[in-house]
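The values are calculated or read from the model by the stated rules, or taken from the named source; none is laboratory data. These numbers were taken from a predicted model, which means no experiment stands behind them. Quick reminder, even Gly has a Cβ in these numbers, built from the backbone with ideal geometry, and neighbours come from all protein chains shown. Side chains are part of the model used for accessible areas, which takes the heavy atoms of the whole protein and leaves out ligands, DNA and RNA. Shrake-Rupley method; radii C 1.70, N 1.55, O 1.52, S 1.80 Å.
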Amino acid sequence: MTLSAATPEALQAQVEQYRKFVLEHPEVTLGDLCFSANTTRERLARRISLIVQSRDDLLEQLASQNIQQRYKPAAAAASRCAFLFAEQGNPWQVGYQLYATQPQFRAQLDRCDEILQPIWQRSLTSLLYTDADGRSLLQDPRYGRPALFAAQYAIANLWMSWGVTPSAVV
């Protein structure tokens, strides 16, 4: 889960609001909390990321956050990164769960599907995720390479939507 705010004080208040919300709403799943925090809020300069396995873990980490002492401004904490994509792979294995759970990934892959359908006369997403017989077509470089590129393009866009911007793509 990543939280962000414009000031350290606002970030501390947000941490406390999330802790209170988690305590008062046990019916909200951990997945829904993290998804909403990561996708519905603007990415601001002061950030904190938590890796949690359970609601109790989240509550413990939220309670232990002293933002005034701990936060790092995003610009100061940022480091250069590159996205490295392989020339070979199984695009249906790469993105199945992402396609099912991440709207940004799904939107980009669907965009590639719209571009490829008139050329292939078949659906990229169908080949990748529903058409088991069609997967054999992905062994053919005419289908496999563009499908792999589409999956990698969608992954890169997903990372960038989360605020991870590469200085290079290889």
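In table form, for the structure just shown:
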item: FRET efficiency, Ala100 to Ala63 (Cβ-Cβ, R0 45 Å, nearest 0.05); result: 0.85
item: Linear extension gain, Gln53 paired with Val170, 0.36 nm per residue minus alpha-carbon span; result: 38.9 nm
item: Charge sum, other residues only, whose C-beta stays under 13 Å from Thr7's C-beta, Lys/Arg counted +1 and Asp/Glu -1; result: +1
item: Exposure of Val169 as accessible area (Å², to 10), given a probe of 1.4 Å and all protein chains; result: 100
item: Solvent-accessible area of Asp140 with every protein chain in place, 1.4 Å probe, in Å² to the nearest 10; result: 40
item: Inter-label distance, nm, simple model (7 Å from Cα along the C-beta direction), Leu137/Trp159; result: 2.9
